[in-house]
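Taking it in order: structure first as structure tokens, then the write-up.
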Amino acid sequence: MAVTSVVEKWVDDAAGLTRPDRTVWCDGSKAEYDRLVEEMLRDGTLLEMNQATYPGCYLHRSHPSDVARTEQLTFICTGAKDDAGPTNNWMAPAEAKVKAGAYLRGAMRGRTMWVIPYLMGPAGSAMSRVGVMVTDSAYVVASMHLMARVGQVAIQHMRSDDDFIAGLHSNGDLSPERRLILHFPEEKLIWSVGSGYGGNALLGKKCHALRIGSWQARQEGWLAEHMLILGVEDPDGRVTYLAAAMPSASGKTNLAMVVSQLPGWRVWTVGDDIAWIHVDARGQLRAINPERGFFGVAPNTSPKTNPNGTAMVRSNTIFTNVAMTPAREPWWEGLTSTPPDGLLDWQGKPWSPGGGPAAHPNSRFTVLASQCPSISPSWEDPEGVPISGFIFGSRRTRVIPLVFEAFDWTHGVFLGSAMSTETTAAITGQVGVVRRDPMAMIPFCGYNMADYFGHWLGMQPRLATPPKIFRVNWFRKDDDGKFLWPGYGENVRILKWIVGRIRGTGKAVETPVGNVPAPGAVELDGISVSPARFQAALAVHGDEWRQALEELGGFYDQFGGRMPAPIRQAHEETLRRL
Ligand code: GTP
Ligand code: SPV
Ligand code: MN
């Protein structure tokens, strides 16, 4: 493979530190993927699933303590602590390298070091970017094959000898005590040691496309966001593209490939996790999905909740930490209403009902996006798709209405900055705890979040028609703990109202926090949601909001004078209106 001398030198340095027995340059070919799978079947890293019913599918069982992102071990290593900001863990670059260097020195002895040149984004797009990562994990290499465009195509897209993000990954000993995920945005560098889990180890994804990506996006005037991208097609065949930010395991994959319950309407999938969004020459926002595949949450994926998601994982899929039936088929909670007999749990132990979950709550599938039945014909368009609206969604049992619309761009950025959510199994730690997660970027913004809000505000004057911004919450519950809204396929009803608002047709009524659908403006035919229940899902309770906004003030305070004044103003105005 023809590579630049800068790439070669960096790879040599990585080998000098980690001391692998051999170095293999990956070409991204099918033959290479097949060889990796064979090797992993031989050493037990992968188990073969039923090749008659799940052709090309394999199961990986991770180390039991390596099942989710570890945010407490994730650092932004900038020269100045303030550039990482109060919401990121920070370590001085030199100190970080000494610490992780001790775990990485000689870590690849006896192992192979694979070199993976990868492209984030469609071939031929000016928005696509290159990374070169090294790893001693065959599982990471195979996963990168599915999640990014690997091989010569990456090198071809380098605009100069040093136009790549360098990533050094080693499983190390997989112990959380010797695990660090380090980002050096000023050096275009990532070091990750001690974890083989998705977001910790597939460096193109959260580390590059979001943490380093957001840093570069701010410097260069674009957006790198934790967002799905979808196209909503109306009965006349007109497609409106939306991008939606939701925290981890909170509905992006599901919404991105939703099967419409409304006749004549359909949803096209462009991406399910990350959006890179640029302003074009006409002042229109255009988005690409930098990824090639989906690393999606398995539990609760079923023919009922996500028919497209269920269909696309019937072949050529790597499952991680799901349960397995005696027929060697994958199973997870929610796939069927009753678990099959004779399951092996995610650790391979015989499972019986009443114990813990059979599949790990953060078990996942890795699969090419092209296998999704609803994949958009435009998903690899080098120009990206035009974005007409943004959605910010979170997981809140109370307070936050099912859907409402911001008054304008600044108000929308304020609503995004005000987001909080109940935590999920995608992150190690307690599940169901409310935490602040502005724009679903708290784990992924590679710089000071006050500057991030400022960056969003600064986009407006560059846009011919700033997209409308919406807030959604599929997770609001009644006093009996039941979801107020059926969600999943029915969410298309909300998308239809959103598209109507963008086109100036949908009806709304004003509340102190934004515009909610007017009575009758969201179609409820064919679902068992009474108008009273729907109103409860939309209700704005002043007392709850005032309390939430007071807490929000405390969050803003930690940024001091760096917090943009227009956000503070929108916050104060909302308190006055309530
Ligand atoms: P990451 O890949 O971690 O970034 O997450 P994601 O946002 O893509 O999450 P995903 O769509 O996989 O959501 C997973 C969880 O959200 C599952 O437990 C789903 O059942 C639940 N979920 C998704 N959509 C809905 C919905 O409309 N209603 C309800 N009640 N739950 C939903
Ligand atoms: C998330 O946690 O938001 C994910 C999964 O999308 S991971 O890639 O592991 O971060
Ligand atoms: Mn995600």
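Would you check which residues across the stretch 271-301 are within 16 Å of ligand 2 (Cβ to nearest atom) and hydrophobic (A, V, I, L, M, F, W, C) and list them? Before the answer, list the steps.
First pass over the stretch 271-301, keeping only residues within 16 Å of ligand 2 (Cβ to nearest atom): 271-276, 289-301.
Hits for the stretch 271-301 are 274, 275, 276, 294, 295, 297, 298.
Please find, within the stretch 418-433, the residue that is most open to solvent (accessible area, probe 1.4 Å) out of those that are assigned to a strand (DSSP E or B) and within 12 Å of ligand 2 (Cβ to nearest atom).
So the residue we want is 427.
Does the stretch 314-324 include one or more residues that are open to solvent by 30 Å² or more (accessible area, probe 1.4 Å), hydroxyl-bearing (Ser, Thr, Tyr) and under 25 Å from residue 197 (Cα atoms)?
Checking the stretch 314-324: at least one residue is open to solvent by 30 Å² or more (accessible area, probe 1.4 Å), hydroxyl-bearing (Ser, Thr, Tyr) and under 25 Å from residue 197 (Cα atoms).
Quick one: in the stretch 53-73, which of the residues that are in contact with a strand residue (DSSP E or B) (Cβ under 8 Å, 6 or more places away or on another chain) and within 16 Å of ligand 3 (Cβ to nearest atom) is farthest from residue 332 (Cα to Cα)?
Taking the stretch 53-73 first, the residues in contact with a strand residue (DSSP E or B) (Cβ under 8 Å, 6 or more places away or on another chain) are 54, 57-62, 68-71, 73.
Going one step further and asking which of them are within 16 Å of ligand 3 (Cβ to nearest atom), we end up with 68-71.
On the way: 68: 17, 69: 20, 70: 23, 71: 25 Å.
So the residue we want is 71.
Specify the residue that is nearest to ligand 2 (Cβ to nearest atom); the eligible residues are those in the stretch 453-473 that are assigned to a loop (DSSP other than H, G, I, E, B) and among the hydrophobic types (A, V, I, L, M, F, W, C).
463
Does the stretch 135-150 include one or more residues that are touching a strand residue (DSSP E or B) at 6+ places or on another chain (Cβ under 9 Å) and open to solvent by 50 Å² or more (accessible area, probe 1.4 Å)?
Checked the stretch 135-150: no residue is touching a strand residue (DSSP E or B) at 6+ places or on another chain (Cβ under 9 Å) and open to solvent by 50 Å² or more (accessible area, probe 1.4 Å).
Just to be sure I understand, how many residues within the stretch 434-452 are under 18 Å from residue 76 (Cα atoms) and away from ligand 2 (no atom under 16 Å from the Cβ)?
Looking only at that region, the number is 6.
With a cut-off of at least 2 residues that are open to solvent by 60 Å² or more (accessible area, probe 1.4 Å) and farther than 27 Å from residue 180 by Cβ, name the helices (runs of 4 or more DSSP H) lying wholly within the stretch 5-117.
Filter on the stretch 5-117 gives 30-43.
Here is a yes/no grid of residues against (1) crowded, with 17+ Cβ neighbours inside 10 Å; (2) among the basic types (Lys, Arg); (3) in a helix (DSSP H, G or I); (4) within 31 Å of the chain's Cα centre (by Cα):
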| position | (1), (2), (3), (4) |
| --- | --- |
| 486 | no, no, no, yes |
| 493 | yes, yes, yes, yes |
| 499 | yes, no, yes, yes |
| 549 | no, no, yes, yes |
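Can you tell me which residue is least open to solvent (accessible area, probe 1.4 Å) among those in the stretch 288-306 that are more than 15 Å from ligand 3 (Cβ to nearest atom) and under 15 Å from the mean Cα position of the chain (by Cα)?
Taking the candidates together, the pick is 288.
Looking at (1) open to solvent by 10 Å² or more (accessible area, probe 1.4 Å); (2) over 30 Å from residue 101 (Cβ atoms); (3) within 16 Å of ligand 1 (Cβ to nearest atom); (4) touching a residue at least 60 places away in the same chain (Cβ under 8 Å), which is the one condition that is false for residue 197?
(2)
List the pairs whose first member sits in the stretch 277-291 and is over 18 Å from residue 378 (Cα atoms), whose second member is open to solvent by 40 Å² or more (accessible area, probe 1.4 Å) and small (Gly, Ala, Ser), and whose Cβ atoms are under 7 Å apart, counting only residues at least 6 apart or on separate chains?
From residues that are over 18 Å from residue 378 (Cα atoms), the pairs are 282/464; 283/464.
Would you confirm whether or not the stretch 485-503 contains a residue that is within 23 Å of residue 422 (Cβ to Cβ) and either among the basic types (Lys, Arg) or within 16 Å of ligand 3 (Cβ to nearest atom) (or both)?
No, because not a single residue in the stretch 485-503 is within 23 Å of residue 422 (Cβ to Cβ) and either among the basic types (Lys, Arg) or within 16 Å of ligand 3 (Cβ to nearest atom) (or both).
Can you tell me how many residues in the stretch 212-233 are open to solvent by 10 Å² or more (accessible area, probe 1.4 Å) and not polar (S, T, N, Q)?
Total meeting the criteria: 5.
Just name the residue that is surrounded by the fewest Cβ atoms within 10 Å (Cβ to Cβ) out of those in the stretch 162-178 that are part of a helix (DSSP H, G or I) and more than 16 Å from ligand 2 (Cβ to nearest atom). Working first, answer last.
Within the stretch 162-178, the subset part of a helix (DSSP H, G or I) is 176-178.
With more than 16 Å from ligand 2 (Cβ to nearest atom) added as a condition, the list becomes 177-178.
Values: 177: 9, 178: 18.
Filtering the stretch 162-178 for residues that are part of a helix (DSSP H, G or I) and more than 16 Å from ligand 2 (Cβ to nearest atom), the one surrounded by the fewest Cβ atoms within 10 Å (Cβ to Cβ) comes out as 177.
Report, ordered by the first and then the second residue, all pairs with beta carbons closer than 8 Å, sequence separation of six or more or different chains, a first member in the stretch 239-258 that is closer than 12 Å to residue 225 by Cβ and open to solvent by less than 10 Å² (accessible area, probe 1.4 Å), and a second member that is in a helix (DSSP H, G or I) and more than 15 Å from ligand 3 (Cβ to nearest atom).
245/416
The values are calculated or read from the model by the stated rules, or taken from the named source; none is laboratory data. The model shown is predicted, which means the values in this text are computed figures rather than measured ones. Glycine also receives a Cβ, built like all others from the backbone with ideal geometry; neighbour counts cover every protein chain displayed. What goes into the accessible areas is simple: the full protein's heavy atoms, side chains included, and nothing from ligands, DNA or RNA. Shrake-Rupley method; radii C 1.70, N 1.55, O 1.52, S 1.80 Å.
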